[in-house]
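My questions all concern the structure below.
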Amino acid sequence: MSLPSSATIIEVGPRDGLQNEVKTLEPDVRVELIERLASSGLRKIEAGSFVSPKWVPQMNHTDIVLTQLHRQDGIQFRLNNSPTEVDSAALPLSYTVLTPNLQGFESAVQYKADEVAIFGAASESFSKKNINCSIDESLKRFESVMSAAKRSNIPVRGYVSTVIGCPYEGDIEPSAVAQVAKTLFDMGCYEISLGDTIGVGTPKRFQSMLDAVLKEVPVNRIAVHCHNTYGQALANIYASLEMGIDKIDSAIAGLGGCPYAKGASGNIATEDVVYMLSGMGIETGIDLSSLVSTSQWICNILDRQNQSKVTMAIQ
Ligand code: HMG
Ligand code: MG
């Protein structure tokens with residue numbers, strides 16, 4: 001299959017990136033991060049999670065973040081209190097939040113999230129550790145979120161975690177991934193994001209997993225979500241592009257990880273994905289130099305090492 005001519009990047013840094021950080025950021029800093037990312041041309045940004053603050057304290061105050069974000073048409077965001085015109089050419093700006101249950105979904109509606117994401121797993125043990133229920137129980141829980149979302153006309157994205165390996169169970173069968181992906185898609189998720197939560201995938205294994213999933217879900221409804229623990233994420237993304245996938249999750253500065261996946265490190269850095277795609281002539285609509293400056297800014301605030309090779313090379 002020929003490579004796509006354009007790709008959509010889903011920025012997960014303000015959610016996946018910050019949920020695993022030692023330092024919890026104040027809502028105003030999270031808002032500035034999101035607005036800087038939007039100003040780089042990213043149109044799909046995960047802004048936070050409505051999960052239990054006892055489980056993930058870093059995502060507490062997602063309500064304040066959503067309230068403070070600037071979302072007017074034409075002037076979609078504001079940095080340092082000066083309104084900035086944005087090129088609203090392609091997609092409208094969309095802010096997603098994670099909602100594990102109806103309680104989270106109701107908060108998402110109250111605080112006007114543009115879309116929500118439910119998150120399941122292909123591994124029983126990870127499901128229990130992450131959302132305190134079995135895969136079947138989680139799918140039942142998601143049904144009530146889906147019905148409420150249909151009534152409110154809110155798009156729902158579905159995650160499948162541990163699509164290659166699980167920190168508690170080891171290798172995961174592609175058929176297990178395909179089954180959960182199909183169930184989420186049949187339930188009404190408009191897109192399924194396949195998460196290599198602990199970054200153990202390699203290109204051939206990624207393609208075998210995708211082979212199984214693509215028998216159940218159309219290729220244009222699939223995104224890949226690669227953590228870079230073993231440095232394989234770009235190779236896995238390339239292998240996915242070869243199979244026609246054109247939706248890629250990534251996080252600024254390679255921030256990220258899941259507090260309930262032992263050993264998981266950050267997502268692939270958004271800068272590194274944009275650099276690779278641009279070098280291959282695949283259009284993203286994202287300004288790399290603006291991403292690099294946001295990447296440096298957030299790493300200074302978090303007082304942590306930048307995980308983006310591209311930012312380290314050109315800063
Ligand atoms: P539980 O303890 O089984 O839930 O947790 P519960 O219904 O018994 O409620 C317990 C308490 O949580 C109650 O409060 C509820 O009100 C509260 P209390 O009475 O004790 O004060 N609660 C909530 N509070 C706020 N928002 C809510 C909510 N629901 C219940 N929505 C639960 C079950 C799902 C809530 C919990 O396990 C949880 O919050 N888990 C979230 C874990 C998480 O966010 N993990 C990271 C995201 S997933 C990920 O990173 C992977 C991904 O990136 C893809 C990949 O890399 O593969 C997406
Ligand atoms: Mg993740």
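The values are calculated or read from the model by the stated rules, or taken from the named source; none is laboratory data. Since we're looking at a predicted model, the values are computed, not measured. As a convention, Cβ positions derive from the backbone with ideal geometry for all residues, glycine included, and neighbour counts pool all protein chains shown.
So for region 169-177 (the condition being surrounded by 19 or more Cβ atoms within 10 Å (Cβ to Cβ), of a type in the set (Gly, Ala, Ser), within 20 Å of His227 (Cβ to Cβ) and modelled with pLDDT of 95 or more), does at least one residue qualify? Step through it out loud before you land on a result.
As a first pass, look at region 169-177 and keep what is surrounded by 19 or more Cβ atoms within 10 Å (Cβ to Cβ): 172, 174, 176-177.
Filter again for of a type in the set (Gly, Ala, Ser), leaving 176.
Now restrict to residues that are within 20 Å of His227 (Cβ to Cβ): 176.
Still in the running and modelled with pLDDT of 95 or more: 176.
Within region 169-177 (the criterion being surrounded by 19 or more Cβ atoms within 10 Å (Cβ to Cβ), of a type in the set (Gly, Ala, Ser), within 20 Å of His227 (Cβ to Cβ) and modelled with pLDDT of 95 or more), the answer is yes, since at least one residue qualifies.
Taking Tyr260, is it within 16 Å of ligand 1 (Cβ to nearest atom), surrounded by fewer than 18 Cβ atoms within 10 Å (Cβ to Cβ), over 14 Å from the mean Cα position of the chain (by Cα) and among the hydroxyl-bearing types (Ser, Thr, Tyr)? Reasoning before the result, please.
Details: within 16 Å of ligand 1 (Cβ to nearest atom): yes; surrounded by fewer than 18 Cβ atoms within 10 Å (Cβ to Cβ): no; over 14 Å from the mean Cα position of the chain (by Cα): yes; among the hydroxyl-bearing types (Ser, Thr, Tyr): yes.
No; evaluated as a whole, the condition is false for this residue.
What are the pairs, 6+ residues apart or on separate chains, where a residue within region 27-56 that is under 21 Å from Ile118 (Cα atoms) has its Cβ under 9 Å from a residue that is among the basic types (Lys, Arg)?
That search, which allows pairs on different chains as well, returns Lys44/Lys247; Ile45/Arg15; Glu46/Arg15; Ala47/Arg15; Ala47/Arg30; Gly48/Arg15; Gly48/Arg30; Ser49/Arg15.
Report, by residue number, each residue of region 258-288 that is closer than 16 Å to Ile45 by Cα and part of a strand (DSSP E or B).
Answer for region 258-288, where residues must be closer than 16 Å to Ile45 by Cα and part of a strand (DSSP E or B): Asn267, Ala269.
Now for a different question. Looking at Leu139, Leu184 in this structure, which one is part of a helix (DSSP H, G or I) and touching a Phe, Trp or Tyr at 6+ places or on another chain (Cβ under 8 Å)?
Values: Leu139 fails: touching a Phe, Trp or Tyr at 6+ places or on another chain (Cβ under 8 Å).
Testing whether each residue is part of a helix (DSSP H, G or I) and touching a Phe, Trp or Tyr at 6+ places or on another chain (Cβ under 8 Å) leaves just Leu184.
In addition: State all residues of region 123-164 that are crowded, with 21+ Cβ neighbours inside 10 Å, within 9 Å of ligand 1 (Cβ to nearest atom) and polar (S, T, N, Q); if no residue qualifies, say none.
The answer is Asn130, Ser138, Ser161, Thr162.
If Met243 passes every condition in (1) within 16 Å of ligand 1 (Cβ to nearest atom); (2) in contact (Cβ under 8 Å) with a residue 60 or more places away in the chain; (3) of a type in the set (A, V, I, L, M) but one, which one does it miss?
Condition not satisfied by Met243: (1).
How many residues does region 229-244 hold that are crowded, with 24+ Cβ neighbours inside 10 Å and part of a loop (DSSP other than H, G, I, E, B)?
0
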